[in-house]
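Working notes for the structure below.
The values are calculated or read from the model by the stated rules, or taken from the named source; none is laboratory data. Since the structure is predicted, the reported quantities are computational estimates derived from the model, not experimental observations. Methodologically, a virtual Cβ is constructed for each residue, glycine included, from the backbone with ideal geometry; neighbour enumeration extends over all protein chains shown.
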Amino acid sequence: MARSFGLEFLPAGGPKRFTYAELQAATDNFSNPIGKGSFGDVYKGELGDHRVVAVKCLKNVTGGDAEPEKGQKILVYELVPNGSLDKYLFPASQIPSLDKQEVLIPRSTDSLKPILDWNIRYRIALGVARAIAYLHEECLEWVLHCDIKPENILLGEYFCPKISDFGLAKLRKKEDMVSMSMARGTRGYMAPEWLKPDPVTPKADVYSFGMVLLELVSGVRSSNMQGSLVHSEDWHPRWAFDKVFKDMKMDDILDRQIKHCFDNRLHFDFIDRMVKAAI
């Protein structure tokens, strides 16, 4: 079991702590950037045992454990091969389909990503739901993620989803809510209670997950809808509800990249389930 999960590489005392020199060597002096985020830049690296890793250099972060040399705070992750979900849902240009029923010309080789079919999207939705349930109910300490969005959903081998960048709020298991001094999250995914004096509960993560579900179905960013506010007629959940359950026109909300692949007999039930769960 230890080998299957890669745990034989972990020292008995917990995760390995690296020196700055080790990470500088592993990343070839931080010369291969593979991502940027609000908390820092990410670089590709290779450890001495040839494991490929993602090295995140944190910025504008205070507190926490002791820093490595040179005043740096750096996190080392496994490198998840297929990158983040947003690159597949919101491509910069049209790209070839996984089922190879059509071939579209990409704008550049950097944007060459397969289009996720309906079955893969449903499996991703289930995997993310299981991960959130684990953070909220099953791990030893209750964890509120605070920023569920496609950029923080990484896709491993066979597009198995993994949630990243969690732990902004980590609470004792007995607690069921938290008051924050500042709103945390990303526009379009933040639950209304972040903007009120109300306590924040795990429901905030569930709200964000609902928005991700709608994006998996529609291929449209919630924040890019004409009205991204709750009271707007074009608010993503209200728009989806009206299309699917009032007008009975599910086709109108399907991602145009794979709309032609939709088979009512094969796909209706789980897309209907995703939309109902989101709403």
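Has region 76-95 got at least one residue that is over 30 Å from Leu213 (Cα atoms) and either of a type outside the set (Lys, Arg) or modelled with pLDDT of 60 or more (or both)?
Taking region 76-95 as the starting set, the residues that turn out to be over 30 Å from Leu213 (Cα atoms) are none.
Among the residues of region 76-95, not one is over 30 Å from Leu213 (Cα atoms) and either of a type outside the set (Lys, Arg) or modelled with pLDDT of 60 or more (or both), which makes the answer no.
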Can you run down the residue pairs with Cβ atoms below 6 Å, 6 or more apart or on separate chains, where the first is in region 241-254 and in the same structural domain as Ser218 (by TED's automatic domain parsing) and the partner is surrounded by 11 or more Cβ atoms within 10 Å (Cβ to Cβ) and of a type in the set (Phe, Trp, Tyr)? Leu254/Phe262
Would you mind telling me which numbered condition in (1) in the same structural domain as Gly219 (by TED's automatic domain parsing); (2) touching a Ser or Thr at 6+ places or on another chain (Cβ under 9 Å); (3) at pLDDT 75 or above Val53 fails? (1)
Taking only region 190-218 into account, find how many residues are farther than 21 Å from Glu141 by Cα, touching a Lys or Arg at 6+ places or on another chain (Cβ under 9 Å) and among the aliphatic types (A, V, I, L, M). 6
